[in-house]
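Data first, discussion second: the structure below is written as structure tokens.
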Amino acid sequence: MAGVRVNVNVGVLGHIDSGKTALARALSTTASTAAFDKQPQSRERGITLDLGFSCFSVPLPARLRSALPASRPAAPEAGPEPGEPQLQVTLVDCPGHASLIRTIIGGAQIIDLMMLVIDVTKGMQTQSAECLVIGQIACQKLIVVLNKTDLLAEGKKQATIDKMTKKMQKTLENTKFRGAPIIPVAAKPGGPEAPETEAPQGISELIEVVKKVKSMQMFHMPVTSAMQGDRLGICVTQFDPKLLERGLVCAPESLHTVYAAIISVEKISYFRGPLQTKAKFHITVGHETVMGRLMFFSPAPDNFDHEPVLNTFDFSQEYLFQEQYLCKDLEPGATGSDQATEKAGQATEGLCPRQQWALVEFEKPVTCPRLCLVIGSRLDADIHTNMCRLAFHGVLLHGLEDKNYTESLLPKLRVYKLKHKHGFVERVIDDYSVIGRSLFKKETNIQLFVGLKVHLSTGELGIIDSSFGQSGKFKINIPGGLGPESKKILTPALKKRSRASKGEMAKQEEGAERQEPAQHVSLSLSFKRYVFDTHKHMVQSP
């Protein structure tokens with residue numbers, strides 16, 4: 001067991017100027033070349049612009065030693081003499097400025113635990129809230145750090161800390177981080193310009209909390225190999241580092257370049273406004289953010305209650321097109337849900353499906369692994385407004401790698417729209433035939449609808465037989481014949497027709513107006529049309 005080093009990545013996130021970098025500096029014993037805003041641009045602007053990496057180590061707690069798999073050989077700790085097992089905490093210092101949320105999201109995807117840094121004198125701020133949302137999506141454990149306690153008046157310090165602690169507990173109450181530890185600290189007493197003579201306050205207590213967090217993801221970090229999220233230095237000879245941009249290091253065939261993707265979708269409740277089909281969002285996939293246009297869809301209405309399938313997508317199933325994401329946070333019968341349901345063209349009485357998906361078409365191809373995290377956001381929103389720009393999150397279930405995916409792959413995606421048309425019976429020809437109107441526009445090619453079934457409000461089933469005249473009317477065949485009650489309703493028209501002359505009848509059959517039945521008999525036509533069917537076929541259930 002001696003010499004084992006277990007690494008855990010801890011993200012340091014929060015609003016700009018909450019003291020994240022100062023906290024990372026106070027905690028760290030070893031810094032990388034990218035730590036503590038060493039980049040010239042960061043020093044010039046006085047803010048963190050990119051991810052910073054540093055670390056500290058503590059003895060590996062006993063319960064974590066017992067959790068190490070016995071079948072795996074211990075990885076030797078770097079150094080000439082192996083010591084006792086170590087827990088290495090790698091700090092990922094994320095920017096706090098609103099314009100750098102892409103970098104924040106990228107940093108959150110490699111962390112096991114998040115430290116949300118709050119300026120105790122200001123409380124939750126806009127980017128604090130966005131970081132909390134990102135944390136709920138990307139990691140499982142949270143520690144809240146109330147920083148800058150040295151700025152509180154000595155006589156009111158504890159009362160202010162207690163008050164802010166209660167506020168944060170209430171904020172976390174409805175999140176998966178309910179009951180998370182809240183630790184007060186002063187990472188840089190006196191502020192950034194103060195001399196280094198005064199020691200940070202509360203750091204040892206914070207380290208103890210980090211050591212005690214349970215269910216932490218662990219992995220070995222031998223010097224001969226690295227895993228996702230590790231900070232690794234590589235010496236490459238005869239290479240100009242200025243020619244290297246940020247990229248991905250991966251095993252062969254583990255990443256794929258995709259032009260579009262099918263993703264699972266979960267709306268972020270703090271996002272204001274609907275998620276609409278055809279809308280464009282900033283899509284973060286892995287460490288890349290591009291614009292993408294979305295089309296939302298759900299299971300067929302009969303399958304709304306089916307158990308969600310999280311890691312696969314079934315192309316053999318049929319899916320219902322949605323004009324917008326159906327919000328699960330609205331109660332059945334609520335106005336917003338009803339509007340969304342009506343737009344979707346489905347009679348589901350305000351119910352929402354347990355799982356929803358989206359087709360995302362990227363403006364430029366992205367390279368990413370399957371089942372990677374996807375975050376949709378509106379980064380074009382005003383950064384000074386008090387609103388959450390993160391709109392939804394999900395998992396990339398299937399990537400479309402063919403550049404011509406619209407012809408080669410999308411026809412396999414069986415997403416349909418439910419179409420409903422309504423009209424009226426204008427008059428009866430005989431016991432087995434009626435003339436209908438108001439179902440189609442005058443310019444509609446009715447021949448495309450011949451053979452489709454229509455339902456009369458009196459209960460009979462009819463089949464569209466042909467067009468009738470030039471004004472959008474059509475003839476309907478009633479295979480079972482009109483029932484006695486239907487004949488009574490339509491009797492006025494029958495009587496008027498019996499008195500008409502042959503010349504008048506010919507004129508009427510050319511489309512002239514006639515007396516309608518005393519009571520309207522309505523017609524309804526329902527069918528499916530598949531979104532990616534190039535032939536635009538209309539399909540009805542048997």
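The values are calculated or read from the model by the stated rules, or taken from the named source; none is laboratory data. Since this is a predicted model, take the numbers as computed values, not measurements. Note that we place each Cβ from the backbone using ideal geometry, even for glycine, and neighbour counts take in every protein chain shown.
Please give the strands (runs of 3 or more DSSP E) falling wholly within the stretch 382-440 in which 2 or more residues are over 17 Å from Glu460 (Cα atoms).
Numbers: elements: 390-400, 415-430, 433-437.
Passing ranges, in order: 390-400, 415-430.
Taken over the stretch 136-153, the criterion of being modelled with pLDDT of 90 or more and either among the basic types (Lys, Arg) or part of a helix (DSSP H, G or I) (or both) is satisfied by Gln136, Lys141, Lys148, Thr149, Asp150, Leu151.
If the condition is being assigned to a loop (DSSP other than H, G, I, E, B), closer than 26 Å to Ser128 by Cβ and of a type in the set (Lys, Arg), then the stretch 255-292 contributes only Arg272. With respect to the conditions (1) hydrophobic (A, V, I, L, M, F, W, C); (2) at pLDDT 75 or above; (3) part of a loop (DSSP other than H, G, I, E, B), Ala75 falls short on a single one, namely (2). What number of residues within the stretch 426-476 are touching a residue at least 60 places away in the same chain (Cβ under 8 Å) and charged (D, E, K, R)? Adding up the residues that qualify gives 3. Considering the stretch 213-227, and only residues there that are surrounded by 12 or more Cβ atoms within 10 Å (Cβ to Cβ) and farther than 13 Å from Arg5 by Cβ, the residue that is modelled with the highest pLDDT turns out to be Val213.
This table checks each residue for (1) among the polar types (S, T, N, Q); (2) under 25 Å from the mean Cα position of the chain (by Cα); (3) assigned to a strand (DSSP E or B); (4) more than 24 Å from Asp17 (Cβ to Cβ).
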{"site": "Leu91", "(1), (2), (3), (4)": "no, no, yes, no"}
{"site": "Ile105", "(1), (2), (3), (4)": "no, yes, no, no"}
{"site": "Ala129", "(1), (2), (3), (4)": "no, yes, no, no"}
{"site": "Thr160", "(1), (2), (3), (4)": "yes, no, no, no"}
{"site": "Met164", "(1), (2), (3), (4)": "no, no, no, no"}
{"site": "Gln169", "(1), (2), (3), (4)": "yes, no, no, no"}
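Can you tell me which residue within the stretch 159-183, out of those that are in contact with a strand residue (DSSP E or B) (Cβ under 6 Å, 6 or more places away or on another chain) and either closer than 22 Å to Cys139 by Cα or free of Cβ contacts under 8 Å to residues at least 24 places away in the same chain (or both), is surrounded by the fewest Cβ atoms within 10 Å (Cβ to Cβ)? Selected residue: Thr165. For the stretch 357-371, the count of residues that are of a type in the set (Lys, Arg), closer than 19 Å to Ile134 by Cα, modelled with pLDDT under 95 and in the same structural domain as Ala261 (by TED's automatic domain parsing) is zero.
Screening Ala62 with (1) at pLDDT 65 or above; (2) within 23 Å of His287 (Cβ to Cβ) gives one miss only, at (2). Within the stretch 433-457, restricting attention to residues that are exposed (fewer than 15 other Cβ atoms within 10 Å of the Cβ) and among the hydrophobic types (A, V, I, L, M, F, W, C), the residue that is modelled with the lowest pLDDT is Leu448. Can you confirm whether Gly481 is in contact with a Phe, Trp or Tyr (Cβ under 7 Å, 6 or more places away or on another chain), over 21 Å from Ser541 (Cβ atoms) and surrounded by 14 or more Cβ atoms within 10 Å (Cβ to Cβ)? So Gly481 does not fit the description; no.
Say whether the condition of being free of Cβ contacts under 8 Å to residues at least 12 places away in the same chain and of a type in the set (Asp, Glu) is met by at least one residue in the stretch 144-155.
Looking for residues that are free of Cβ contacts under 8 Å to residues at least 12 places away in the same chain and of a type in the set (Asp, Glu), one finds at least one in the stretch 144-155, hence yes.
Among the conditions (1) over 16 Å from Leu373 (Cβ atoms); (2) touching a helix residue (DSSP H, G or I) at 6+ places or on another chain (Cβ under 6 Å), the only one that Thr289 does not satisfy is (1).
Residue under question is Ile383, and the condition is that it be outside the structural domain of Arg102 (by TED's automatic domain parsing), surrounded by fewer than 16 Cβ atoms within 10 Å (Cβ to Cβ), at pLDDT below 95 and β-branched (Val, Ile, Thr); does it hold? In short, yes.
Hey, any hits in the stretch 293-305 for a residue that's hydrophobic (A, V, I, L, M, F, W, C), modelled with pLDDT of 75 or more, surrounded by 14 or more Cβ atoms within 10 Å (Cβ to Cβ) and part of a loop (DSSP other than H, G, I, E, B)? I'd like the intermediate steps shown before the answer.
Looking only at the stretch 293-305, we keep the residues that are hydrophobic (A, V, I, L, M, F, W, C), and these are 294-297, 300, 304.
Now drop any that are not modelled with pLDDT of 75 or more, which leaves 294-297, 300, 304.
Subsequent filtering for residues that are surrounded by 14 or more Cβ atoms within 10 Å (Cβ to Cβ) retains 294-297, 300, 304.
With the extra rule that they be part of a loop (DSSP other than H, G, I, E, B), the set shrinks to 300, 304.
Yes - at least one qualifying residue is present in the stretch 293-305.
Out of the residues in the stretch 250-274 that are at pLDDT 85 or above and among the charged types (D, E, K, R), which is farthest from Thr284 (Cα to Cα)? The selected residue is Arg272. Scanning the stretch 508-535 for residues that are of a type in the set (Lys, Arg) and at pLDDT below 85 yields a single hit, Arg514.
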